[in-house]
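The values are calculated or read from the model by the stated rules, or taken from the named source; none is laboratory data. This one's a predicted model, so the numbers in the text were calculated from it and none came from an experiment. Glycine also receives a Cβ, built like all others from the backbone with ideal geometry; neighbour counts cover every protein chain displayed. Heavy atoms of the whole protein, side chains included, go into the accessibility calculation; ligands, DNA and RNA do not. Shrake-Rupley method; radii C 1.70, N 1.55, O 1.52, S 1.80 Å.
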Amino acid sequence: NIAVDSWKNIVVGTYSGGIDIARPIGSTTAIYHHVPNNQQSLLNNHVNMVMPLSDDLLMMGTDNGISILNIKTGQWQHSCQGVVVLGAARNPDGSVLVSTYGKGVYEIDSHANVRHIYTSGNSALKDDHVYATLNDKDGGLWVGSLNGDLLYKSTAGIQYYPVHDVQAITQLASGQIAVGT
């Protein structure tokens, strides 16, 4: 996964090597990785997503939960330990929806507060193995999972599409939704 933070640094998440950060000014590269028994390090080196949570907070989703680094203080905080985090999508209010393998969807606000919001037991999801979410330009929410139908939730109601193994969802400039399986 690759993201660009508010300082234009390029943040690269790897499957087994943690996080690399390339800074466009100078030649300094930061590398974040898991250090056993050290809570001031990345939770796990299997990084599946990277996203700025705010100007100061960088969120990283791993195979063992969410690690959040305060860029200014260098302090780490962790949540959702034991959860495989697969992806993230920004909500219109600035919070982030986090897709997980087997635990549904969590929401994290810009202060790193976490809520477990969607599961197959408490919402319209048909599968808790969620790979991708998207808030479209019309205010609708798309949720794609491994074995459940593609879910579209809008003010008009809920629609299902017989599309499984959804790996990615994006909105094209035309307004159409593209789904990668």
**region 99-149, accessible surface, carbon-and-sulfur percent (1.4 angstrom probe)** = 42 percent
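Taking the Cα centre of region 94-181 as origin and charging only Cβ (+1 Lys, Arg; -1 Asp, Glu), how large is the dipole, in debye to the nearest 20?
80 debye
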**Message:** Which order do the peptides 109-122, 133-146 come out in when sorted by mean C-beta neighbours inside 10 angstrom, highest first?
**Reply:** 133-146, 109-122
**Item:** region 37-181: radius of gyration and largest Cα-Cα distance (Dmax), Å
**Value:** 15.2, 49
